[in-house]
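Just below is one structure, and these are the notes that go with it.
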Amino acid sequence: MPHPPPPSTLAELAALRAHYSEQPDRAHTLLAPVQAQLQPLLEADRESEFGVELGLLFIELCLETRRYSQGWAPLAQLVNWNLRGAAPQRQALLQALHARALVAQGRLDEALPEIERALQLAQLGEEVLAWGYAHMALGHFAARQGDGMRAAEHLREALTLLQRSGDGGPWAHVYAALIVALRNLASPAERLAVIHEGKQVLLAQCRWAEACNLTCEQIEIALGAQRLDEARAYLREAEHLARQAPPQAPVRAGLQLANSSLLFAEGAHEAAIALAKDWLASVREQLQPVDQIFFLERLARWQAQAGQAQEALDSLAESHRVALAAQRAHGEGDLRAARQALELAHERQRRAQSEAHATELARTNRRLQRALDDLSATQRQLLDAAKHAALGRMLAGMAHEINTPVGNALTTASALEQLAAELPRALQGGQLRRSELERQLQTLHEGSRLVVTSLTRASELLGGFRDLPTLTRQQAGEPVDLPALVRAAAQRSLPDTIRLQLTVPERARLDGEALLEVLQQLLQNTARHAYPQGQPGAVTVDAQFERPDWLLLSVQDQGPGVPAELLPQLFEPYATSRFGQGRSGLGLFVSRAIVEQRLGGRIELHSQPGRGCRVELALPAHA
């Protein structure tokens, strides 16, 4: 079939979009001509309604063919054209797509205000399509934050709105995102119902590749229920749909994953593992961290069952690295999002105060109520998270730290169990050579030692987390003998090779028990980091009243100082330069919690490489 000629008017562009909607599998052939026509307009920065509409069609074609980064590229310029007056009726849709792009790029702190603006514009203009894309962005935002339940709610709402819009664009892929969100929330029957609904929509739209990918999800569910014949039937259906899709359609990866799962269920473990590893290598850059972790852990289980103990350990270790990196990125994103949420709240208050027409504001608020309630809930959660950050991050770090040795021990024990079961059979058969027996005994010995080491490490971690201090502020009681308190902390924390130099007032009225805990943590840090391995040195503790009710206390060493890259993170849990060497990195984190929440003061740390480290405490106290 010949391609339609390149459009030169809005009417011709509308006809081309209708042609694409009727035959979405031709998106691959339309993409290059549309890009060739759009590129000169972008380079010349020549805004027009035609340019905006052409850009929107280009984005739809990129989404259809899963060339996401290519589709997001011109969005910022199209939004700018819109702000300069081109195609104002498209403002809500462009804002929603821009928000979706920011979420896909992991820029969550920038995405949240864009989503809010898109929702407001869509409600004011009663634009169902833009409203649907805004809820799609909210769903992906929640998924990025690990909130599967809220992601599912917004994605369902997006599907309802997008179906109602009657648009023929590439929005049906939301079904695949919804299935992922429901993975740990819904029963297999509920997920199958969503897949069945999605396939009906996709088949009616002639989107064979997306229908094929949903059928691959049916294969996984059938295998999970041990229904191999049903899984084989689904695989034949998926292969039939793949043949109907255009050659460039991204169906190979889904079929490869489904084939590997079926092979493993049929007992062809080595072939399944090889196919799964190839699949993971080909799509890993496209997977969210939560999906990478899911498939790496499943690969580790397969490898352990197949007797590939070392490979299973490697896969498990990689999943932990991904989890830790995602956890750190999520923590940083939470802080940025919390700041952005506060700024949004302030901006909404300012807009509300300056609104000229109260009736229009009421109308807008009624229509936005549900979406704004969700945003307000997100903001409250972020603020609550900031208030309880100490407990939340501590628990997350504990879970990660303990999960690593326990997971290693479990995987190794599974491999050892299989090896121990196979060894007697080989001995009875009389076919086991001495060298092979010695090799397997060595493997048993090394594996047992790894199990013991991992469980010992887990036990040590649990012991280190016990008896963390309470964080309830106490009223100042009897005056505290400060010199005696500092010497007691030094006696418990410093070796004889480190001298204590002390200049403090004789008395201060404050919570002596809390201050003793803080000083012990700080002096232990000095012994471990400033003068490690028994090196001689000195630590100076100075204190003076800045005014009658405020005590300034400092702890100074002459060690090598703190690396510049670690300095901003020192008061976060698990921040340490000696991670994995018996130190958990909780000392300064606990110290800050005690100073701020029990003593009602503040703590700061100053350091330069080669010039030691100085910790300053400002505490409410009376002489």
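The values are calculated or read from the model by the stated rules, or taken from the named source; none is laboratory data. Worth saying up front: this structure is predicted, and the values here are computed from it rather than measured. We place every Cβ from the backbone using ideal geometry, glycine too, and count neighbours over all the protein chains shown. SASA here: full protein model, heavy atoms, side chains in, ligands and nucleic acids out. Shrake-Rupley method; radii C 1.70, N 1.55, O 1.52, S 1.80 Å.
Some points to look at:
- Taken along the Cα-to-beta-carbon direction at a fixed 7 Å, the label points for LEU500 and GLN440 span 6.1 nm.
- Given a 1.4 Å probe and the protein chains as shown, ARG183 ends up with an accessible area of around 50 Å².
- Across every pair of non-identical alpha carbons in the stretch 191-280, the mean reciprocal distance, once inverted, gives a Kirkwood radius of 13.1 Å.
- Taking the inverse of the mean 1/r over every pair of distinct Cα atoms in the stretch 1-82 gives a Kirkwood hydrodynamic radius of 12.7 Å.
- Per-residue SASA entry for TYR133, accessible area with 1.4 Å probe, Å² rounded to 10: 10 Å²
- Per the Debye calculation on the stretch 41-111 with a single equal scatterer at every Cα and no solvent contribution, log₁₀ I(q)/I(0) for q = 0.12, 0.28 Å⁻¹ amounts to -0.29, -1.31.
- Note on GLU546: accessible area is roughly 110 Å² with a 1.4 Å probe, heavy atoms of protein only.
- When MET136, MET149 are compared by accessible area at a 1.4 angstrom probe, the order from most to least is MET149, MET136.
- Summary of the geometry: the stretch 410-439 and the stretch 521-576, compared by the centres of their Cα atoms, lie 53 Å apart.
- Spin-label model, GLU604 to ALA193: label points 7 Å out along the Cα-to-beta-carbon direction sit 5.9 nm apart.
- By accessible area with a 1.4 Å probe, ligands and nucleic acids excluded, highest first: order of LYS277, LYS199: LYS277, LYS199
- Relative contact order (%) - the stretch 1-113, alpha-carbon pairs under 8 angstrom, separation at least six: 20 percent
- Accessible area, probe 1.4 Å, largest first, for residues THR503, THR404: THR503, THR404
- Within the stretch 38-93, the trypsin sites (Lys or Arg not before Pro) that combine a DSSP coil assignment with at most 10 other C-beta atoms in a 10 angstrom radius are ARG84.
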